[in-house]
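Q: This is the structure, below, for whatever I ask next.
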Amino acid sequence: MPGKLKAKIVAGRHLPVMDRASDLTDAFVEVKFGNTTFKTDVCPKSLNPQWNSEWFKFEVDDEDLQDEPLQITVLDHDTYSANDAIGKVYIDIDPLLCSEAASVISGWFPIYDTIHGIRGEINVLVKVDLFNDLNRFRQSSCGVKFFCTTSIPRCYRVAMVHGFVEELVVNEDPEYQWIDRIRTPRASNEARQRLISLMSGELQRKIGLKVLEMGGNAVVGYLQCFDLEGESGLVVRAIGTACTLDKLSSGAAASINTHMHPNTAPASNACNSPSKDGKEPVFTEDLPSSSGPPTPFRALPTTSSSPPPFSPSKPCSRQSSSSDTDLSLTPKTGMGSGGSAGKEAGPLKTLLRQQTQTALEQREFPFFTLTSFPPGFLVHVGGVVSARSVKLLDRIHNPDEPETRDAWWEEIRQEIKSHAKALGCHAVVGYSESTSICEEVCILSASGTAAILNPRYMRDGCLDIGSSDHRFEEPSPPSCGFCHIPYDELNMPFPAQLTYCYHCRRQKVPDVLFTTIDLPPEAAVTGQGCLIQARLCRLKKKAQGEVNATAISNLLPFMEYELHTQLMNKLKLRSMNALFGLRIQISVGENMLLGLASATGVYLTALPAPGGIQIAGKTPGDLSNEHHILAIQKRINDTIAKNKELYQINPPELTEEAVGSPIPEPRQRSRLFRSHSESSDELSELDLSHGKKDAFVLEIDDTDAVEDIHSLLTDAPTPTGFYSCNTEIMPGIYNWTSGLQMFTSVRVFRLSNANLTNQGLNKIFTDLCENLLKSLYFKLRSMIPCCLCHLNFTVAVPEEELIQVAVTAVAMTFDKDQSQEKPGDRAMTKGGSENEEQLQFPLELCAESTSANNQPSAKIPGLQESTNVSSRAPSVDYGSFADRCSTWLELLRLKAHTIRRGSVKTSRRTQSLARSVSSSERCSPLPEGRSRSLRSTRSFGGSSVTVVKMTPLSFLPGTRIVKYLGIINMFFIRETTSLREEGGVSGFLHSFIAEVFAMVRAHVAALGGNAVVSYSMKECVFMENPNKNQAQCLINVSGDAVIFVRDTDQEATPAQMNTGQTCNSGTDGAT
Amino acid sequence: MSVELDVFVGNTTIMDEEVYQLWLDGHTVNDAVKVRMEGGVLDECEASADVLLSDTMDQYRTFQMCERLLYSPAKLANQLLFQIPPHRQAMLIERYYAFDDVFVREVLGKKLSKGTKKDLDDVSAKTGVTLKSCRRQFDNFKRVFKVVEELKGPLVENIRQHFLLSDKLARDYAAIVFFANNRFETGKRKLQYLTFQDFAFCAGQLINNWTVGAVGENNMVEDMDVDLDKEFLQELKELKILITDKDLLDQHKSLVCTALRGKTKAFNEMEANFKNLSRGLVNIAAKLTNTKDVRDFFIDLVEKFIEPCRSDRWTAADMRIYLTHYHNSAHILDTFKHQVVWDRYMGVVKSCIFKMYHD
């Protein structure tokens, strides 16, 4: 009985009128947790009832505390008929389970009804008394902190990065159960909301367990997704990076550097925090008291005969979960198979463990969901690795099905891993997974960036490094090191044009670099970056089952190829040479596939200048044609010149060789793509015949090509005063002011013309995206100069003739005048020293973690079983396809570069100094006081509602995050049967999104926070039936609730910003 | 091929003041787009008409969603649905409750009933204010009227607190409520030349001096600022002595004439008309006990006093000097005992006439 949950219902306000006769409401409240329900008294005839209830106490297991939400239902008492529900509030009490997060939840929550939306508000107080529980066989993982943020959260220091954690749980979707035919839409929606809330809780708990097993205390870059598989069920899955985090004292939180400086001079210390020299680095004193002592955990993996719940093997922990939650509908047989898999895995695992334990390569999945890292962590970046696979869904209540889902992901991850290996890399960073489902077809995608991480920190006992690692003779400069090729020059995995690094001249770099991570803050860039998108539509025939899946998987490689060509062209058109934050989304619909690739283009100073684009005609004799070509060529050249100016790309010297990488010719394509199943084959099959060509050549041989070029040139430039990127920070802009506007915009386009061509579709889709961007710029024009950061596009094909595009991003103002004039040298040197000292970032590669991750052996039995099953239920998997951007880069003439070093240096300096300002804390590029005086630092003084800022970024400019209050992960359904009356589809969705924002803000405020960082809308499923006047929408959002203070303010400020209650505890915790 | 759904939702609700005004003025989305295009927004932002349409629709939707909250502006501050900075909230409220003087002039003093609302299309046609805007303004009047009707305490303060309006706007609403409550006649042809601001000023005078609340001893009476002080109206009858007593009338006249002689070109007309004018003003006072005559207060002032003076071509200065002496001289009359009532009456009438005496 390790926890006591207490809830108190204080009051309500703005309640709807439930009794038409009196225009009033007789409201009372039911408070439910698990199977226990309490009721308040009825507060008669009031729209602003004061209940002031007693404390309702629930005595529960901490396991339940993690899984279950507190459910508050407001009802209207009716003497003669059934009581009418006004609405509900679900409160996730997870933040209260971690001693470092919130200590009380208190505030006004919107009362939400899935049919009517928000109907008034209710004031609630929730507390948890948690008893220490040293039971090491427990199923809960209270105290493990979760962060959506994909970097090390500010105000924490990482003591150890343990690695990849993943989990998935499956269930039947209540919407598709037989009972749904007889219950009301409201009941069905509520069942769904509740189930997903439960499943997320369960998932989080299980991930937490894995983290504890690995010896960590936190999950960073936690990414949870839902797959609404319709008839076949509901999958909730999550990935993340397990870490051991130390909380920085609030003084040190201001600047990590100052914290580290005094103690870290000797490099030998580098792996461990100065505060705990010689101690086991895995656990820190900051670990919540509820988690057990470190030793048992460390010991665990060696005793693999320990009870199943604690076995590190993945199947086992899943199995245990299915038995301990009555809600999970996984049939009992699943347990058996899972268990057996675990047993069989045992000996194999030990064997494996004995063989190799230390190197990162030996982990099952050396993946990291992080996208930005402490300086020095990232040594080299190889390029983007991605894998896709097309699957046919089958009903989940097949006994082995949950394992099947797992096996699917397992395959994809293996493929990613092998791609990374092919690139000479031992790790994948910026890793993410996604799905696209249409009817019974599901595309699973995973992508990341192959990388080499600092070898010094891959060691087991990283403490005793004699700094004797000479694998890399001299540390590469931080501003270019990551660009250097990780693979062997003589034995390149794919053709690429290598040159000596333009920055340090010592190592080779590729001509173009694509990554899924954020631009490392210490990287040297020239000019500003910009958003680059490739968009593509492909029609496909309507089909069923396996035929359909085959058709899709045949289309995929072509789409990827085209998207890459587009990206490459657009990159060159902007005279840039690297992409960061690359995200390629492929969405499947009944009769088409949509592809959208977004990334932030940058000119990396270390990489060679991109060559131009040359147009070539197929028929040289035709004079008019030649004329035409010349005209296009001129336009392209003009555009490139214009863009150079626009993005201030003035590289030190425009090198004598106008080199670029030619694209492979069409005939070559087919070969390339046939090979997608086996990555190694693919490499050997590449035709390098284009190595001789000088520039990026586009051949105009048909209308297609003309169309392509046309679309290339019609991308409207961002209006003056605007910048845009899809990464956390905008390369080239470092002096943010505090103006902030997070927004979500959704558009649905109906294609009425039935016989569209691919070309026509492409045009429509491109226009849709472009117009959406234009609208955003227009809307936000009052913020100029500003930058749209983290522009995150999501595309979907909700119905046959609909295309849906959703964008969430944040507009941030910056100070234009200051952009280029930051004092350089100081920052530069500081940045340098940081690198040396901050590399306290041991990757945990100790035996136990390796074993925990070494699942291939454990997996084999399960895998086989699932294959048997899938032979019954056809599963297609031809489509997995490796996509390495650099694959298409052709060899450059390896000309000798004579570079005037002086000029290189100048440009480098300006860049790095500005950047190091941002890197040092990234939130306060402005001198104090400055940020204050600037516009949009609004004083919301008069309002009684706490102002909650929201941003998809991990920071708020001009502020310091002093405390993380816990993860926000909310799922809502809204449905209407009076669509017209609610203002049509737009009115309906508009109010729903506004309601979701309101509920997120209310929860954050109740936790005592004043902002959500790393906010994202992960799901927005919209369905309509205008004929029936109906619509339904599902939205899933997540983020980290935080308390921030302005850089200029003193510690105590959160108390003032908050209307009340919890702020004290907040500041206490921070100090 | 069409955009089926198009929404933009900001964490801080984005509102364009220009679009808000167009919405308040009752323009359709398409009209609003036209107006904005002519205003040149597009040029400064390199946008297209589609963008403008999308933005306008979006803003209109936002306003429609906010409208419900604006019915009781206090809610706007503690609702959770829209995060709107306080200064924006104030702007939203102030503009929502703002009205067109031409429109209010048409309904001033009318009963705020369904019947009046039905006639709004005529008003709209006459004033050029869109019907939608007329309805909003009319509903605002009605809403404010209903709320303050049931409240105790000073009218202006109540309006300001309940609707979070600026002082100026609260006073205007107080005037509207006051006129609607007492059903003053303002629509007659002879009153057409008077603006709403003229009436609002007069209403302020009446509220501050002639109502129950004006006396000041009891601050917490219902309708204290809306209903005229019955006792006072009764006492006004006593003033009749100024015209019924021949001696008093003559004495008053000679006092005034002595003071005015040589000071104005219109002296002859003043002297000749003194008895008529004095009778007019005192009779108005004496009749105010009848509700019907209260309603005709302004028309009476115009007919019995302002029009004769105007036909004699008095200047505003003439009017000022005449009324000042007319008022003050009564204090010197030793047989006239009703100085307090006289002051309370003449103070208001004087300032009302000053305000109303223009072309």
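Here, each number is a calculation from the coordinates, and none is a lab measurement. Because the structure is a prediction, the values reported are computed rather than measured. A quick note on method: Cβ atoms are made from the backbone with ideal geometry, for glycine too, and the neighbour counts reach across all protein chains shown.
Q: Apply the Karplus curve 6.51 cos²θ - 1.76 cosθ + 1.60, θ = phi - 60°, to the phi angles in the range B:20-30 and return the couplings in whole Hz, x for Gly and Pro.
A: 4, 5, 5, 5, 4, 6, x, 6, 6, 4, 5
Q: Another one. Among A:556-563, A:604-611, B:327-334, A:90-97, what's the highest-first ranking by average C-beta atoms within 10 angstrom per residue?
A: Highest to lowest by the protection proxy: A:604-611, A:90-97, A:556-563, B:327-334.
Q: Then there is this: Counting other beta carbons within 10 Å of each residue's own, what order do A:Arg388, B:Arg313 fall into, fewest first?
A: Arranged by neighbour count, lowest to highest, A:Arg388, B:Arg313 become B:Arg313, A:Arg388.
Q: Pop out the ³J(HN,Hα) list for the range A:431-446 in order, Karplus 6.51 cos²θ - 1.76 cosθ + 1.60 with θ = phi - 60°, rounded to Hz; leave Gly and Pro as x.
A: The phi angles translate into 7, 8, 10, 8, 9, 9, 10, 9, 6, 9, 9, 9, 9, 9, 10, 9 Hz.
Q: Rg and Dmax of the range A:160-245 over Cα atoms: what are they, in angstrom?
A: Rg, Dmax (Cα atoms, Å): 15.7, 53.
Q: Can you give the local net charge around A:Ala994? Use residues other than it whose beta-carbon is closer than 13 angstrom to its beta-carbon, Lys and Arg +1, Asp and Glu -1. Can you show the working numbers first?
A: Details: positive: A:Arg974, A:Arg1001, B:Arg61, B:Arg68; negative: A:Glu982, A:Glu995, B:Asp58.
Taking every Cβ under 13 Å from that of A:Ala994, the sum is +1.
Q: When the Cα atoms of the range B:94-228 are enclosed in a convex hull and the volume is divided per residue, what value in Å³ results?
A: Each residue corresponds to 95 Å³ of Cα convex hull volume.
Q: Related question: Would you grab the residues whose amide H sits under 5 Å from the one on A:Ala218? Only those 5+ places off in sequence or on another chain, please, with H modelled 1.01 Å from N.
A: A:Lys145, A:Cys243, A:Leu245
Q: Please compute the modelled spin-label separation between B:Lys190 and A:Thr36, points set 7 Å along Cα→Cβ, answer in nm with one decimal.
A: 8.1
Q: Could I ask something else about it? Identify, among B:Val104, B:Leu228, B:Ala259, the residue whose Cα sits farthest towards the positive end of the charge dipole of chain B, taking +1 on the Cβ of Lys and Arg and -1 on the Cβ of Asp and Glu, with the dipole about the Cα centre.
A: Among B:Val104, B:Leu228, B:Ala259, the one farthest towards the positive end of the dipole of chain B is B:Ala259.
Q: Taking 8 Å as the Cα distance limit and 6 or more residues as the minimum spacing, I'd like the relative contact order of the range B:230-356 as a percentage.
A: The value is 36 percent.
Q: Counting other beta carbons within 10 Å of each Cβ, put A:Arg960, A:Arg750 in order, fewest first.
A: So the residues, fewest neighbours to most, are A:Arg750, A:Arg960.
Q: Suppose every K and R has +1 on its Cβ and every D and E has -1 on its Cβ; what is the size of the dipole of the range B:101-187 about the Cα centre, in Debye to the nearest 20? Don't skip to the end; give the middle numbers.
A: On the way: 18 positive and 12 negative charges, 51 e Å.
It works out to roughly 240 debye.
Q: What residues have an amide H closer than 5 Å to that of A:Asp715, excluding those fewer than 5 places away on the same chain, when H is modeled at 1.01 Å from N in the peptide plane?
A: Result for A:Asp715 returns nothing.
Q: Below 8 Å, C-alpha to C-alpha, sequence gap of six or more: please give me the relative contact order for the range B:101-187 in percent.
A: RCO, the range B:101-187: 42 percent.
Q: Of A:Leu776, A:Leu1007, how do they rank once you tally other Cβ atoms within 10 Å and put the fewest first?
A: Final ranking by Cβ density, sparse to dense: A:Leu776, A:Leu1007.
Q: Sticking with this one: Say each of A:Ser46 and A:Asp23 gets a label point 7 Å from the Cα, pointing the same way as Cα to Cβ; how far apart are those two points in nm?
A: 1.9
Q: For the range B:17-94, what relative contact order do you get, as a whole percent, if you take Cα pairs closer than 8 Å and at least 6 residues apart?
A: On the way: 33 pairs, mean separation 21.7, N = 78.
Relative contact order of the range B:17-94: 28 percent.
Q: Output the peptides A:987-998, B:91-102 sorted from most to least packed, where packing is the average of other Cβ atoms within 10 Å over each peptide's residues.
A: A:987-998, B:91-102
Q: While we're looking at this one, here's another question. Tell me the mean residue ellipticity at 222 nm calculated for chain B from its helices only (DSSP H runs of n ≥ 4, each -39500 (n - 2.57), averaged over every residue, nearest 500). The partial results should precede the final answer.
A: Numbers: 23 runs with 243 residues, N = 359.
Result for chain B: -20000 deg cm²/dmol, rounded to the nearest 500.
Q: Within the set of other residues whose C-beta is less than 11 Å from the C-beta of B:Gln79, count the net charge using Lys and Arg as +1 and Asp and Glu as -1.
A: +2
Q: Return the sequence-ordered ³J(HN,Hα) values of the range A:27-34 in whole Hz as given by the Karplus equation 6.51 cos²θ - 1.76 cosθ + 1.60 applied to θ = phi - 60°, using x for Gly and Pro.
A: 8, 9, 10, 9, 10, 10, 9, x
Q: How many angstrom lie between the C-alpha centres of the range A:960-1012 and the range A:52-93?
A: A separation of 20 Å, based on Cα centres.
Q: With a Förster radius of 56 Å, plug the Cβ-Cβ distance of A:Leu630 and A:Arg181 into 1/(1 + (r/R0)^6) and report the FRET value to the nearest 0.05.
A: The calculated FRET efficiency here is 0.25.
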